[in-house]
Every structure is written in C-alpha cells, then in structure tokens.
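Structure first, commentary second.
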Amino acid sequence: MKYAVTAATGNFGQTAVKELNKLVGVDNVVVIARNSAKAVKLFAENEVRTGDYEDLASMTKALAGIDRVLFISSQPGGKVDRATAQGNVVKAMVADDVKFVAYVSFPNAQESTTPLATDHRLTENAIKEAGIGHAFLRDNWYLENEIGFLQSGAANQDALYWANNKAGWALERDYAEAAAKVVAGNAAQEVYEFAGQPRSYEELGAALKEATGNDFKVKQVSHDEYVKALESSGLDNATAELFASFQAPIESGDLAEGSDDLAKALGRPVTPIVDAIKEILAR
Ligand SMILES: NC(=O)c1ccc[n+]([C@@H]2O[C@H](COP(=O)([O-])OP(=O)(O)OC[C@H]3O[C@@H](n4cnc5c(N)ncnc54)[C@H](OP(=O)(O)O)[C@@H]3O)[C@@H](O)[C@H]2O)c1
C-alpha cells in the first residue's frame, strides 16, 4: 500500500509526514510538493515527487501508483484560484485510480456561511462526485493563528480581540497527527469535525494568564480599532485587515461547535490549552 501527502512542505505537512512515516513506514510514504528541493531537504528518507496543484499534468504524474492520499488544502491567492487548483488534484486522483483521500477541509463546510469555506465545499463536492473513497477532516482554528494575542500576553501587554464568540482552538500538530492517523487506518467516519474545546477570547486569555503567570488585560475592541492597533504595531493596512479577518468566522459563530472527533482520532486527549500555549510561546 502506497500513501502520499500533498502540499507536504508546509507546517501541517511536515508533522503529518513524520506521523505517517511512524504509522506505515517511511518506504510507503511518498512526499508530494511543488518545491521538491525543499521537500528533499525536509524528508531525506522519503521518496519525493513534484506536484503543483495548479498543474494537472504534474499532479497526475505525482500520484501515479498511490492508494491513499492525505490532501492538504493549499492557501488562497495563487495564480489559479484555489477551487480550480484543488479540482486538478481531484482530477489527478481519478486518473490515477486513487482509492482513498483524506481532505483537510473547513468546519461545517457544507453549511458554513464564511467565505473561506467556499473552496473547501467545492473541493469536498468534487471528491464526492468523483466517487473516490474519502474522509473530510474539517479543522477548526489552529491555535497558532492567535500568535499576536499570545505574544501580547507573554509580554504582559493588553491582549486585544474583536470577535465575540467561540472557537475550538487546538495545536496544528494535533490536527496533523489526527490526519495521518485517518489516512493510515480505515477511516471510520466520512466527516470529522476536528476541534479543541470551544472557548471565547476571554477564556483563551485566562489560559494565557495561567501559562505565562502574567496579569495583563484581555480587551474586546471594535474591528476597526483592532486593525488600527495592528497597524500601530507596524503592519501595513492590507496585512492588518487580513489578520483581523481571521476572526470573522469566530464572530459569526462558524467555529463555535464542539466535537470530540479530534481526541477520538488521536486516541488521546487534545493537548491541554495551557500546555499548548506554552509550547507555541517556547518556539
Ligand atoms: N484551520 C485553520 O486555522 C487553518 C489555518 C491555516 C491554514 N489552514 C489550512 O491548512 C493548510 C495547511 O496549513 P499550513 O500551516 O501547513 O500552511 P503553510 O505552512 O502555509 O503550507 C501551505 C502548503 O501548501 C503548499 N502549496 C501552496 N500552494 C500550492 C500549490 N499550488 N501546489 C502544491 N502545494 C501548494 C505550500 O507549498 P510551498 O512550501 O512550496 O509554499 C505549503 O507546503 C493551509 O494551506 C490552509 O488551507 C487552516
């Protein structure tokens, strides 16, 4: 049985490949990356193949002979729009007769009103229509998204936020380990809503105080005040708006649903939030 991980050179992919190597053996794991030189440096013992989502021919070549794929979603903003680029991956899997794909998706992807969910919904639909065996790994927010909030508290400065709802934050490495476990085994579920315990920013701030021993203020501000605060810390307007937009799916409630799918797939508890915060701040 041959396994492949696509977009393997990112943070998620690097953990997922290491976990999959442990589970099924390095000889059975093919690493697929658009930058194969970077992949060779990262994964000296794995077979590396070049595969760019924007190039159907390269993906078809890369996935030849592969049985089970961990399909990591790419980032928006490429030369080809993300839904089309990811559609190439699906077409390549069909051409290569891939038997199973675990796709890294978005919480509640079929119903979510968040614009970020659209590409994921289209990709899930393309996989279903193609008739490939699948599991959808719908990842809630990576705790790493909150690095600005966490670093403010660590520096004993006000920790600001604007979104007044909950998210199921967990370490990215927990999501990646669970993804490797799903692709390695016989997936028991078609859909996994992967999440940590839903928390508000006030609750995240309380965990941050415990992790750092600091007693800073956790302050809700308006969206515009939040953007201004990011700009005054040195970010340009476009980057500040982008960072602020990561809280929009929290404000809308799209990330508030709880689920124990992540702990079940991991076969252990999700990394406790205080430990997870300490781990990120120590990097
Ligand atoms: N739920 C959340 O909170 C959350 C947060 C962040 C990201 N995400 C999603 O999770 C995915 C993995 O996150 P990450 O932290 O690993 O992101 P990352 O470190 O930015 O890695 C993104 C990966 O996608 C690859 N990639 C981008 N465009 C590609 C293309 N056209 N063809 C092939 N590979 C391509 C990149 O390749 P290079 O190394 O060559 O750039 C890189 O390996 C993201 O792409 C995003 O869809 C979710």
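Please treat every number below as a calculation from the coordinates, not as lab data. Every value quoted in this text rests on a predicted model; they were computed, and no experiment measured them. Using ideal geometry, Cβ is built from the backbone for each residue, glycine included, and neighbour counts are taken over all protein chains shown.
Is it the case that E111 is under 17 Å from E193 (Cα atoms) and either without any contact (Cβ under 8 Å) to a residue 12 or more places away in the chain or among the basic types (K, R) (or both)? When the stated conditions are applied, E111 passes them.
Quick grid of which residues meet (1) surrounded by 16 or more Cβ atoms within 10 Å (Cβ to Cβ); (2) hydrophobic (A, V, I, L, M, F, W, C); (3) away from the ligand (no atom under 11 Å from the Cβ):
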{"site": "A130", "(1), (2), (3)": "no, yes, yes"}
{"site": "W141", "(1), (2), (3)": "yes, yes, no"}
{"site": "G148", "(1), (2), (3)": "yes, no, yes"}
{"site": "S152", "(1), (2), (3)": "yes, no, yes"}
{"site": "A155", "(1), (2), (3)": "no, yes, yes"}
{"site": "A159", "(1), (2), (3)": "yes, yes, yes"}
{"site": "A163", "(1), (2), (3)": "yes, yes, yes"}
{"site": "A176", "(1), (2), (3)": "yes, yes, no"}
{"site": "A187", "(1), (2), (3)": "yes, yes, yes"}
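Assess whether K209 counts as being in a helix (DSSP H, G or I), of a type in the set (K, R) and closer than 27 Å to K128 by Cα.
no
With respect to F71, is the statement that it is touching a residue at least 40 places away in the same chain (Cβ under 8 Å) and within 14 Å of the ligand (Cβ to nearest atom) true? So F71 fits the description; yes. Kindly indicate whether A85 is surrounded by fewer than 23 Cβ atoms within 10 Å (Cβ to Cβ), touching a residue at least 24 places away in the same chain (Cβ under 8 Å) and either more than 9 Å from the ligand (Cβ to nearest atom) or over 22 Å from A178 (Cα atoms) (or both). Answer is yes for this residue. Residue-level check: of (1) within 13 Å of the ligand (Cβ to nearest atom); (2) of a type in the set (S, T, N, Q); (3) over 19 Å from the mean Cα position of the chain (by Cα), T60 misses just (1).
Within the stretch 8-17, the set of residues being part of a helix (DSSP H, G or I) and either among the aliphatic types (A, V, I, L, M) or near the ligand (Cβ under 8 Å from one of its atoms) (or both) comprises N11, F12, G13, Q14, A16, V17. Screening V26 on (1) within 9 Å of the ligand (Cβ to nearest atom); (2) within 18 Å of A176 (Cβ to Cβ); (3) surrounded by fewer than 18 Cβ atoms within 10 Å (Cβ to Cβ) shows it passes everything except condition (1).
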